[in-house]
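Data first, discussion second: the structure below is written as structure tokens.
The values are calculated or read from the model by the stated rules, or taken from the named source; none is laboratory data. This is a predicted model, so every value here is computed, not measured. FYI the Cβ positions are ideal-geometry reconstructions off the backbone, even for glycines, and counts take in every protein chain you see. Surface areas here come from the heavy atoms of the whole protein model, side chains and all, with no ligands, DNA or RNA. Shrake-Rupley method; radii C 1.70, N 1.55, O 1.52, S 1.80 Å.
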Amino acid sequence: MVSFRDSSVVIIESGRTLIRAGVGLQDLLKAPSVEIQARVGLRRNPGDSANGASSQTLKPGESNDNLRPSASSSRASSLPFQPSPSAKVHDYLVGSQLDEAVEAGQDITVSWPFADGDVRDWTQAEALWKYVLFRTLQLKRTQNESPVMLSMPAGLYRDSSERICQIFFERFNVAGFGLLDRPMAQLYAAGQLHGVVVDIGHEITDITPIYDGFILQNARSSTPLGIRDCQVYLANLLRSNQSVMAAASPPDKPSDPEVTQRFLDDLVKYVWTEGLVRVPSDGQTVEIPEDEGVTDIATVLVAGCFCCRASSRRKIKALDLVTAEFRERWAKSVIILELPLQETVVFSVRQMDVTQSRLVLFILSTPDQATEVQPRSIRVLTVPEYFAEYREKGDGFAAFLGTSIVAKIAFNESHGKNFVSKTDYNEKGPHAVLEMSLASL
């Protein structure tokens, strides 16, 4: 029987644009100690296009030992990706190394290997995981006694799961390995086994229905709308604010348009990251005094993909950036389940008070969509408050929390059927992950 000390367990959450990680499980599950952008950088050689990078993109059906064919249009990301067949793992800059190189103005090509929801480039993915394990968590490859529980976006190819397993055992020498779908982890964090997980990412929103602990793969959906759209919208709103524009481009010394745009982009990021966003309840309006303009940028309300506009002498009017496409995808994901659910539970990773009222109106008030299996109520979930480490961090950390919960159970299980041990890997090879991992069920 394989047993591991809780203090040695490693948790890694790999999202489309972020990687979070931590080592050690206590009674009160800890928040991640590491958070980096899921991107890598490669220095350009003088005279080369991208350090040997190929400008060609793979077409569906084409193969390459190191690259994955392009994702479908709904899952495909516009974030940059520069494949470089000749590059090695140690050639890539990751984390603080990449941040410093970019800030210094070095000629760097940046790639986001997880942006499509699968793995675009295996060398780049390995570079990211290696940096997390051995640089930030300070593990030793030759004496690695840590098992790893990794959560990834739902819908991985089976061969991708096998290759990930192979990398962690053969390249990182882990003591055990488990693979989990991120939507499952997010729902576990809320203490549920069924519901619809709405994960609003940087530029793509993933909608994943789950029933009795299983993802309904045929009902999963993605739409190319995300936080970036809200940030762009808020930046455009700030352009109509005289106080903001006076600071961005003083009348007596106008700034270059590009400098002004960078100022607005930085201001939007500050507003977003510092929690200056407020969410109006359904139908709420905010009166702006007649003699005052909007000098407090926090009065411009943005939440998830529901945005509101504020300007002087005008009430806030709701603008729904989710659009009909997002609503239709969400509705189809629920209705296609064809299961006798009397209640649909929604877990919004970017939690917002308006979610429930907006979706209830759309799902339950459309006569032509009434069916025998249509949910009679909708309940919006949050991470329970008894997880003390997560009270101030919001539901955006739900995937890491859920992955930690699964790791604590799986790696302490006497039979060890929900993770791959070294013995299992030696006997069955990478294929073992398909038989002994929650993500493959």
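Criterion first (open to solvent by less than 10 Å² (accessible area, probe 1.4 Å) and closer than 30 Å to Tyr386 by Cβ) does Ala219 satisfy it?
No; evaluated as a whole, the condition is false for this residue.
Just one of the numbered conditions (1) touching a residue at least 60 places away in the same chain (Cβ under 8 Å); (2) out of contact with any Cys (no Cβ under 7 Å at 6 or more places or on another chain); (3) surrounded by 24 or more Cβ atoms within 10 Å (Cβ to Cβ) is not true of Arg120; which one?
The number of the failed condition is (1).
Determine which single condition Ala370 fails, assuming it passes every other condition in (1) among the aliphatic types (A, V, I, L, M); (2) out of contact with any strand residue (DSSP E or B) (no Cβ under 7 Å at 6 or more places or on another chain); (3) modelled with pLDDT of 60 or more.
(3)
Working only within the stretch 1-45, note down all residues that are in contact with a Lys or Arg (Cβ under 6 Å, 6 or more places away or on another chain) and open to solvent by 70 Å² or more (accessible area, probe 1.4 Å).
Matches in the stretch 1-45: Glu35 only.
Right, Leu93: open to solvent by less than 10 Å² (accessible area, probe 1.4 Å) and either in contact (Cβ under 8 Å) with a residue 12 or more places away in the chain or closer than 18 Å to Ile36 by Cα (or both) or not?
Answer is no for this residue.
Taking Ser84, is it in a loop (DSSP other than H, G, I, E, B), more than 18 Å from the chain's Cα centre (by Cα) and either within 19 Å of Arg163 (Cα to Cα) or modelled with pLDDT of 60 or more (or both)?
yes
Taking the conditions exactly as written (hydrophobic (A, V, I, L, M, F, W, C) and farther than 24 Å from Thr17 by Cα), does Val232 satisfy them or not?
no
Please enumerate the residues belonging to the stretch 238-272 that are open to solvent by less than 60 Å² (accessible area, probe 1.4 Å), under 21 Å from Arg228 (Cβ atoms) and either hydroxyl-bearing (Ser, Thr, Tyr) or touching a Phe, Trp or Tyr at 6+ places or on another chain (Cβ under 6 Å) (or both).
Listed by number, the residues that qualify are Ala248, Thr260.
Could you tell me which numbered condition Ser160 fails, if it satisfies all but one of (1) more than 30 Å from Leu381 (Cα to Cα); (2) over 20 Å from the mean Cα position of the chain (by Cα)?
Unmet condition: (2).
Can you tell me which of (1) touching a Cys at 6+ places or on another chain (Cβ under 8 Å); (2) surrounded by fewer than 20 Cβ atoms within 10 Å (Cβ to Cβ); (3) within 27 Å of Lys88 (Cα to Cα); (4) aromatic (Phe, Trp, Tyr) is the one Phe177 doesn't meet?
(2)
Just one of Pro113, Pro153 is in contact with an Asp or Glu (Cβ under 6 Å, 6 or more places away or on another chain) and either closer than 23 Å to Pro80 by Cα or among the basic types (Lys, Arg) (or both); which is it?
The match here is Pro113.
Which ones in the stretch 202-212 are part of a loop (DSSP other than H, G, I, E, B) and open to solvent by 20 Å² or more (accessible area, probe 1.4 Å)?
His202, Asp212
All but one of (1) assigned to a helix (DSSP H, G or I); (2) open to solvent by 20 Å² or more (accessible area, probe 1.4 Å) hold for Gln192; state the number of the condition that does not hold.
(1)
Can you tell me which residues in the stretch 410-431 are assigned to a helix (DSSP H, G or I) and within 17 Å of Ile12 (Cβ to Cβ)?
Within the stretch 410-431, just Ala410 meets the criteria.
Condition first: open to solvent by 10 Å² or more (accessible area, probe 1.4 Å) and either polar (S, T, N, Q) or part of a loop (DSSP other than H, G, I, E, B) (or both). Now tell me which residues in the stretch 155-169 satisfy that.
Residues satisfying the conditions are Gly155, Leu156, Tyr157, Ser161, Gln166.
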